[in-house]
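Novice: Pasting a structure here, questions to come.
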Amino acid sequence: GLYVSQSDPSIVYALYNDGGYYSGFYRSTDFGESWTQKDLGFEIGNGTSSFSWYFGQVRVHPTNPDMVYVLDVSFMRSTNSGNNFPLIYGYGGPSQLHVDHHALAFKPDDPNYLISGNDGGINISTDAGQTWSLPKYLPITQFYEIGLDQTNPQRLYGGTQDNNTVRTQTGNLDDWE
């Protein structure tokens, strides 16, 4: 994961893994010419897994270049340029957010209003990621495999990403269990 600060483009953050496991978190204050290892306690490692290469990302608060977000299996936040990550949702932290974080958006006129996208859907924060809420129920999911009953094609089954197997016996949109 690599991200350039919007409010100070000379600041760049990099989340690095060796193709399987978290290897370090770095900060540059000179447009990437030189780098400083941050997260010396390897706190980020508590929120990663062997597939961090797939979605390990960095985001920076649009107006505060010291507030850094790491998206991985867990959702992590640092308020001191990545020296430590006291806020970790997911592995080893509050379970308020689903695991496997893929996206983070900031509201343009209120950068403390965040929308996080993860394998469980989306979550909303109005305080820069300190606390989160679920939006109104969204009837969506990510299917990895689907199948149908050959004797009754109205019976549909789906294996979802980290959210069980679901089915409908009628083919309707509103009776999945």
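Novice: Just to be sure before I move on: is L173 assigned to a loop (DSSP other than H, G, I, E, B) and out of contact with any Lys or Arg (no Cβ under 7 Å at 6 or more places or on another chain) in the structure I sent?
Specialist: On the way: assigned to a loop (DSSP other than H, G, I, E, B): yes; out of contact with any Lys or Arg (no Cβ under 7 Å at 6 or more places or on another chain): yes.
Spelling it out, L173 is indeed assigned to a loop (DSSP other than H, G, I, E, B) and out of contact with any Lys or Arg (no Cβ under 7 Å at 6 or more places or on another chain).
Novice: If you don't mind, there's one more thing I want to ask. So which pairs qualify, if the first residue must be in segment 35-53 and farther than 21 Å from V4 by Cα and open to solvent by less than 50 Å² (accessible area, probe 1.4 Å), the second must be outside any loop (DSSP other than H, G, I, E, B) and not basic (K, R), the Cβ gap must be under 6 Å, and the two must be at least 6 apart or on different chains?
Specialist: Within 6 Å, the pairs are G45/Y22; G47/M76; G47/I88; T48/Y22.
Novice: Out of all the residues in segment 143-160, which are touching a strand residue (DSSP E or B) at 6+ places or on another chain (Cβ under 6 Å) and part of a loop (DSSP other than H, G, I, E, B)?
Specialist: Hits for segment 143-160: nothing passes.
Novice: Considering only residues that are farther than 9 Å from P65 by Cβ and of a type in the set (A, V, I, L, M, F, W, C), which ones fall in segment 1-15?
Specialist: Hits for segment 1-15 are L2, V4, V12, A14, L15.
Novice: Tell me whether segment 70-90 contains one or more residues that are among the basic types (K, R) and in contact (Cβ under 8 Å) with a residue 12 or more places away in the chain.
Specialist: Yes, segment 70-90 contains at least one residue that is among the basic types (K, R) and in contact (Cβ under 8 Å) with a residue 12 or more places away in the chain.
The values are calculated or read from the model by the stated rules, or taken from the named source; none is laboratory data. Treat the numbers as computed from the prediction; the structure is a model and nothing was measured. When we count neighbours, we look across all protein chains shown, and the Cβ atoms used for this are built from the backbone with ideal geometry, even at glycine. Side chains included, ligands, DNA and RNA excluded: accessible areas come from the protein's heavy atoms. Shrake-Rupley method; radii C 1.70, N 1.55, O 1.52, S 1.80 Å.
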